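First the structure, then my questions, so here it is.
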Amino acid sequence: MCRFEGVVPAAAGLVCLLALDVGTTLAQPAAPRVTLGAQVQVLTLENSDANVGLGGRVTVDVTRWLSVEGEYQFIPRDQLEVTDGAIDGQRLGIRYHRRRSTALAGIKAGYRGQRVGVFGKVRPGVTRLTDRGVECLGDVCIAALLAVPQYRNEFALDVGGVVEVYASPRWLARVDVGSLIVRHRSTAPPCPVGDCTSSNLAVSAGVGVRF
């Protein structure tokens with residue numbers, strides 16, 4: 001409690017009120033800065049079907065509008081079909097069965113309101129495919145015997161947008177829409193001789209908890 005005596009009680013009162021306000025502000029708990037999240041992802045490969053996977057994310061808020069984050073994605077069944085035509089009226093094609101692991105780290109920046117946040121993201125990283133077998137499509141299966149993919153670690157760049165909805169100070173829902181750009185060096189589709197780039201639609205939805 002502040003007590004004032006003397007010639008300038010008003011000025012002394014103002015100083016006391018400012019001191020109380022600063023003390024109250026310092027006593028308040030800091031806003032959560034770290035978010036742990038999990039999501040389901042749908043990755044649509046260029047000129048192919050969609051594959052579904054899971055992922056986890058750690059986000060650290062540098063400011064209200066800028067964050068750094070790292071993410072790991074795993075797709076247990078990453079399939080790619082390549083159709084080269086037909087022989088004697090029979091379709092000639094190959095389905096590649098793979099697993100995909102992707103690690104990304106980068107920044108997220110944009111607007112954060114009380115209930116909704118809208119951001120852009122740029123996250124470079126690495127993606128890796130693991131061979132799980134080759135399947136021949138149609139009745140002509142000779143080509144499948146020659147299709148032995150050799151996968152390597154590939155540079156990946158995830159760019160796109162993020163929308164977050166804050167259900168409470170700790171819980172949020174998040175939707176990502178963007179493109180996973182991969183620089184291929186492997187001797188496997190979509191670049192049988194390596195050295196090409198693909199742009200793949202990536203959509204994910206999940207939840208997060210802030211600490």
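The values are calculated or read from the model by the stated rules, or taken from the named source; none is laboratory data. Values in this document were obtained by computation on a predicted structure and should not be read as measured data. Here the Cβ is made from the backbone with ideal geometry for all residues, glycine too, and neighbour counts use every protein chain on show. Side chains are part of the model used for accessible areas, which takes the heavy atoms of the whole protein and leaves out ligands, DNA and RNA. Shrake-Rupley method; radii C 1.70, N 1.55, O 1.52, S 1.80 Å.
Residues of segment 173-191 being closer than 14 Å to Ser204 by Cβ and of a type outside the set (Gly, Ala, Ser), which ones?
Arg174, Val175, Asp176, Val177, Leu180
Looking at segment 41-68, I want the residues that are more than 10 Å from Asn200 (Cβ to Cβ) and have a partner that is modelled with pLDDT of 95 or more and in a loop (DSSP other than H, G, I, E, B) with Cβ atoms under 7 Å, at least 6 apart or on another chain. Which pairs are those?
Here the result reads Val68/Val62, each pair linking segment 41-68 to a residue that is modelled with pLDDT of 95 or more and in a loop (DSSP other than H, G, I, E, B).
Here is a further query. Just one of Val126, Val203, Val148, Val177 is in contact with a strand residue (DSSP E or B) (Cβ under 6 Å, 6 or more places away or on another chain) and farther than 17 Å from Glu46 by Cα; which is it?
Of the residues listed, the single one that is in contact with a strand residue (DSSP E or B) (Cβ under 6 Å, 6 or more places away or on another chain) and farther than 17 Å from Glu46 by Cα is Val126.
Could you figure out which of (1) more than 20 Å from Val58 (Cβ to Cβ); (2) of a type outside the set (Val, Ile, Thr); (3) at pLDDT below 95; (4) surrounded by fewer than 17 Cβ atoms within 10 Å (Cβ to Cβ) isn't true of Ser179?
Just one mismatch for Ser179, condition (3).
Quick one: in segment 155-203, which of the residues that are out of contact with any Lys or Arg (no Cβ under 8 Å at 6 or more places or on another chain) and among the polar types (S, T, N, Q) is nearest to Glu71 (Cα to Cα)?
Only one residue fits best here, namely Ser179.
Does Gly133 satisfy the criteria of being surrounded by 16 or more Cβ atoms within 10 Å (Cβ to Cβ) and part of a strand (DSSP E or B)?
For Gly133, the condition - surrounded by 16 or more Cβ atoms within 10 Å (Cβ to Cβ) and part of a strand (DSSP E or B) - is not met.
Would you check which residues across segment 191-209 are open to solvent by less than 30 Å² (accessible area, probe 1.4 Å) and under 15 Å from the mean Cα position of the chain (by Cα) and list them?
Asn200, Ala202, Ser204, Gly206, Gly208
Only residues that are over 25 Å from Gly133 (Cβ atoms) and of a type in the set (Val, Ile, Thr): list them for segment 165-211, please.
Val165, Val175, Val177, Ile181, Thr197, Val203, Val207, Val209, listed by residue number.
Ala188 passes all but one of (1) modelled with pLDDT under 95; (2) open to solvent by 60 Å² or more (accessible area, probe 1.4 Å); which number fails?
Result: Ala188 passes all but (2).
Being open to solvent by 70 Å² or more (accessible area, probe 1.4 Å) and within 17 Å of Asn200 (Cβ to Cβ) is the filter here; which residues of segment 153-172 pass it?
Result: Asn153, Phe155.
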